[in-house]
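Every read-out reported here was derived from the displayed coordinates using simple, explicitly stated rules and does not represent laboratory data. It should be emphasised that the depicted structure is a prediction, and the values quoted were computed from it without experimental measurement. Glycine also receives a Cβ, built like all others from the backbone with ideal geometry; neighbour counts cover every protein chain displayed.
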Amino acid sequence: MSDAQVVVVGGGIAGLAAAAFLSGAAGGAARARVTLLEASGRVGGKLWGGEVGGVRVDLGAESVLARRPEAVELARAVGLGGELEPPTTAKAAIWTRGALRPLPGGQVMGVPGDLAALEASGVLTAEGLERARHEEPTEVGEDVAIGRYVADRLGREVVDRLVEPLLGGVYAGRADEISLRAAVPQLLAVARGGGSLVEGVHELASRPQVVGTPVFNGLRGGLGTLPEAVAAACVKAGVDLRTDAPVDELRRTPGGWRVVTGGEVLHADAVVLAVPAPAAARLLREDAPAAATELDAVEYAGMALVTLAFRRSDLAELPTGSGFLVPPVDGRRIKASTFSSNKWGWLERSAPDAFLLRTSLGRHREDEALGLPDEELVARSLADLEEAIGLTARPYDTFVSRFAAGLPQYPVGHPGRVARVRAAAERVGALALCGAAYDGVGIPACIASAAAAVAAVDRLLTPATGDGSTERTMGA
């Protein structure tokens, strides 16, 4: 084990993954002695589990993209491989134009690749469908906002009723501002190809997948068990993991970094910052002002999740499907609802007499929901659910999760900003950054960014040999 001391700031999934990779908790040799500092009273960030109505559920993120390997591999490394379970085959819908309509197949982030399926869904009006059939050529350049590009190419209604709710489920942002290059890079390649966008999306959506690999995965007992297991593995591997330990000051020293937490001074050979952009900016203000300025410009969307527990015996009719998305253009209170007991077989098995569902509220620059009392958010959710699916029963228990700076926004130019932040951090030395603000908001992307940060730290701390190579390498 290396004698190098690394401090990881932030105990969300990115920080936990970085600590696991450094300490050997995720397999392989230990690369450093690690201290992890988390400002709040728990680890996990947006991965968070708890009980509602006596049933263990996720109170934050609930699934991972399984066709990216990072999250599944980490789960297996910390002993949760046997708990992986994909969602059921229940289908999602879109609540638009006064009805629940099936989410059309053959689309990529709401951009249609099958106009027949789009027509059959009834999501678009006849005028919107006719416009989508007549593509207009559009210049793309280095980058473009996905909403503006698709509106120019296929019409505004495709954006308003398909792209916007799909992107809203990932970023809680605005399609007319989100970068195509950063958010859906595979579509940028299609856009630059010069052919039909619909045909290009059809080709993307039709590509063969690895046999037996689900698109998404969850964990029995909820995805909130992942950070708990990673944290336990880190502690077992010797990580000094501290909660309620905010970092008050971070300063570069001739030999590394000075980290101040709760009046205690820690000395580190290297630091991994795995915190939201505003927190990273505050800590880097003195030693990396250029990085801090760029990080200050990253905007976030706040959101709230409302979990509702019903007795099945109180429901006149069980909701069908896995839930629905809500386009902002329809002016509803909620932006989505997940019928958790339908979506997750493990949840239905663990609580056969209960029916759990949840709603989400809040979008970028629409943070009103975060300031409302819990009972008002519950009331708004129930009002929309009654109108959407005829739900009139009252829940026997509820829980509201709030994420004030939940989702970083990826506007046009975001990849360039990330590159400038990392270049500024590299100039300071012995510093790496990771998390949702950089290369993707999904859990696999956050874990991949942690692996990249650890690789960067390892290179920085590895003495060069005489032939220009290094004495040891790190692989995550």
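Helix 197-206 sits at what angle to the longest principal axis of the chain, using alpha carbons and giving 0 to 90 degrees rounded to 10?
70 degrees
Taking every DSSP beta bridge with both residues inside the chain, roughly what % is antiparallel (nearest 5)?
Beta bridges within the chain, antiparallel portion: roughly 75 percent.
Setting aside same-chain residues fewer than 8 positions from Lys91, which lysines have a Cα under 18 Å from its Cα?
Output for Lys91: Lys335, Lys343.
As I understand it, the value is the acute angle between the Cα axis of helix 414-428 and the longest principal axis of the Cα atoms of the chain; what does it come to in degrees, rounded to 10?
10 degrees
Per the Kirkwood formula on distinct C-alpha pairs, the Rh of the chain is how many angstrom?
23.5 Å
Could you sort 100-111, 82-93 so that the peptide with the highest average Cβ count within 10 Å comes first and the rest follow in order?
Those peptides, ordered most packed to least, come out 100-111, 82-93.
Order these peptides, 312-320, 339-347, 433-441, by their mean beta-carbon neighbour count within 10 angstrom, highest first.
Top of the packing list down: 433-441, 339-347, 312-320.
Given charges of +1 on the Cβ of Lys and Arg and -1 on the Cβ of Asp and Glu, with all other atoms neutral, how large is the dipole of the range 278-364 about its Cα centre, in debye to the nearest 20?
Dipole about the Cα centre, nearest 20: 360 debye.
Take the Cα atoms of the range 142-207, find their three principal axes, and give me the spread along each one in whole Å, biggest first.
Projected onto its principal axes, the Cα set of the range 142-207 covers 28, 23, 23 Å.
Please compute the Cα-Cα pair-distance distribution of the range 13-109 with 10 Å bins starting at 0, giving whole percents from short to long.
Cα pair-distance distribution for the range 13-109, in percent: 11, 31, 31, 18, 7, 1.
Can you give the % of DSSP beta bridges in the range 1-151 that are antiparallel, to the nearest 5?
So the antiparallel bridges amount to about 60 percent of the total.
Is the C-alpha gyration tensor of the range 190-268 telling us rounded, prolate or oblate? Criteria: a/c under 1.5 is rounded; beyond that, a/b larger than b/c is prolate, otherwise oblate.
Oblate shape, in that a/c is at least 1.5 and b/c is the bigger or equal ratio.
Quick one: work out the % antiparallel among DSSP beta bridges in the range 1-77, nearest 5.
40 percent
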